[in-house]
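Accompanying notes for the structure given below.
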């Protein structure tokens, strides 16, 4: 499985590549942010403070027109004046239209993205890998059927299929208690993490086919190897052969694909949240959708900042994927997955 | 196997896949918790009304009858009636399709025109600043959500500089062509068309630009290290000729296959790009249909999207087999 040769290659590629270091740094940063969100976020990301809405990020100021009613010489008059809104050091990335702290929302958004990305990938792999291995190993009818299912599945764009399924099934979400808050370590933070479970299931169902294709290809090329034949001659049954001999040797390209898939699913999740198909309101895509309404009125940061967060996460994961691919197997094709 | 037999076999396979697509779309109706009747019937409808609606929609028939009827209707080009828009779904879908095709083609043109030279330059000047620049650009491109890119383009070019339109389609590409025939101001029509399509085309095309740049770069690096390139160099052929005629041609064949498979991503991307720019295409129809629980319109859109994917991929495979006859024997 993970031999010392593999580890040596990983280290060698890592030392030689600045991009691999950047990728690892970004992924570690985002993972830590997601895990320790209650301690990193300065405010509760869902707390609305309407008197502090639309504050620009640190270093920026905004001039807007504010219309107020005033008593002038005993009469009520509406007065329009230019007001300069300056940043509040308490809100590094500014606040959104409802006065929620953007920095805290970005921090908490990392949780949604990462959890959906990882769980969705695990689900897709746990459907796709067994199906692909069985089909590639046994060939014949099972394989033909799988390939046809894969063809049909590929004919629907991931996003379109996901939107259709969520539209039909509804947007279910599960409240998962936040252990840090339950333990009383960060009492002012949200008590639970809202897991958009339908999104996880749907992205798993939509993307399993990429894993099935890769696993099948590996099983097809491995089934004729000498050690597999030897094992069969010694009386090992098919399932044992698949588990002991095929899977460990097929794991490398599956891991590389898994990395790319986490990035692809993060992009897919953000698209779904943007279109309002998510089930959680604490997500980068959702915030971009909110911020879109403020683009023409000058509050550029509400839509921009969450998008930068998505971009940095996906860049980090893609760099990590490139590193793994170069180190583990230079022969693997790079562009699997769909956004 | 001859080329003709390969093309025939691939087409028959395609028909099988389209049949699968239709079956999946038909089945979608039955995984719905809110049945089709709820979408049409008023909330306070009596049991009789609901039964009448079910009978009218054919929902009281056994499943296999409904399925047979569905396939039969499809073969006649009948995809039913939209619940909400009161229009034939076939007419509705095909009225939206041209806008999506236009957007997808424009995005592909933006992508290909920029990506292929970028990929070639990147490969021929490996590890020079230009290569690093192209690598970073393509890394950013495959990592940027296209809807966000669209909003950023609106922010910069429409809100700040007020150059482009951000919503709707203006004129279609046919109007631009017709303006020549009708002696209308061609430049004016062309500019209007560009004002509407430029930003969505860039938003949608950037991911593919990045993807094609990466594929072209790695493919070119591969080809340039091969024996025939060295032979051509030893023969004294001009570098440009070797790069663009020999190496690039061999690079593009696998690139085209990957692009065929990524057509789904292109259509998926179009759905969300259309939502950002209120582009009146199939993507907006999909979202509208879901939000209004208009299942026939959704089913019709899905069938057309799935079928287009299958058709384009058959075309890609057949062209591939024509260019590279070895594929036929695989």
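What follows is calculated from the coordinates using simple rules that are stated; it is not laboratory data. Computed from a prediction, not measured in an experiment: that's the story for all the values here. Counting neighbours? That spans all protein chains shown, and the Cβs are built from the backbone with ideal geometry, glycine included.
Tabulated data
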| read-out | value |
| --- | --- |
| Crossing angle, helix B:89-124 versus chain B [Cα axis fit, 0-90 degrees, rounded to tens] | 20 degrees |
| Rounded Å value of the spacing that divides the Cα centres of segment A:101-173 and segment B:64-140 | 21 Å |
| Cα-projected label distance for residue B:249 with residue A:312, points at 7 Å along beta-carbon direction, nm | 4.8 nm |
| Highest-first arrangement of A:243-252, B:225-234, where packing means the average Cβ count within 10 Å | A:243-252, B:225-234 |
| Using alpha-carbon coordinates, inclination of helix A:247-274 to the longest axis of chain A, degrees | 20 degrees |
| Order of B:65, B:276, B:312, B:319 under a 10 Å beta carbon neighbour criterion, fewest first | B:65, B:319, B:312, B:276 |
| Rounded FRET efficiency, nearest 0.05, which uses the C-beta distance separating residue B:228 from residue A:79 and R0 of 60 Å | 0.15 |
| Peptide B:149-155 - average C-beta neighbours from other chains (10 Å radius) | 5 |
| Mean shadow area of the protein assembly as shown over all directions, Cα convex hull, nm² | 41.5 nm² |
| Theoretical FRET efficiency, 1/(1+(r/R0)^6), r = Cβ-Cβ of residue A:50 and residue B:3, R0 56 Å, to 0.05 | 0.20 |
| Modelled FRET efficiency - R0 41 Å, residue A:58 with residue A:293, Cβ distances, 0.05 increments | 0.95 |
| Over segment A:1-146, relative contact order from alpha-carbon pairs under 8 Å, at least 6 apart, % | 24 percent |
| 222 nm mean residue ellipticity, helices alone, for the protein assembly as shown (DSSP H n ≥ 4; -39,500 (n - 2.57); rounded to 500) | -22000 deg cm²/dmol |
| Average beta carbon contacts from partner chains per residue of B:245-256, 10 Å cutoff | 0 |
| Label point 7 Å beyond Cα of residue A:4 along Cβ direction - residues of segment A:249-287 with amide nitrogen under 17 Å | none |
| Cα gyration tensor shape of chain A, rounded if a/c is under 1.5, else prolate or oblate by comparing a/b with b/c | prolate |
| Burial order of peptide ranges A:300-313, B:207-220 (average beta-carbon count within 10 Å, highest first) | B:207-220, A:300-313 |
| Average partner coverage of A:266-277, which counts Cβ from other chains inside 10 Å | 4 |
| Residue order, fewest to most beta carbons within 10 Å, for A:269, B:88 | B:88, A:269 |
| Over segment B:203-330, relative contact order from alpha-carbon pairs under 8 Å, at least 6 apart, % | 21 percent |
| C-alpha long axis of helix A:140-155 to longest principal axis of chain A, angle in ° | 20 degrees |
| Three-way shape call for segment B:265-310 based on the alpha-carbon gyration tensor, with the a/c threshold at 1.5 | oblate |
| Gyration tensor (alpha-carbon) shape descriptor, segment B:242-330, a/c threshold 1.5 | oblate |
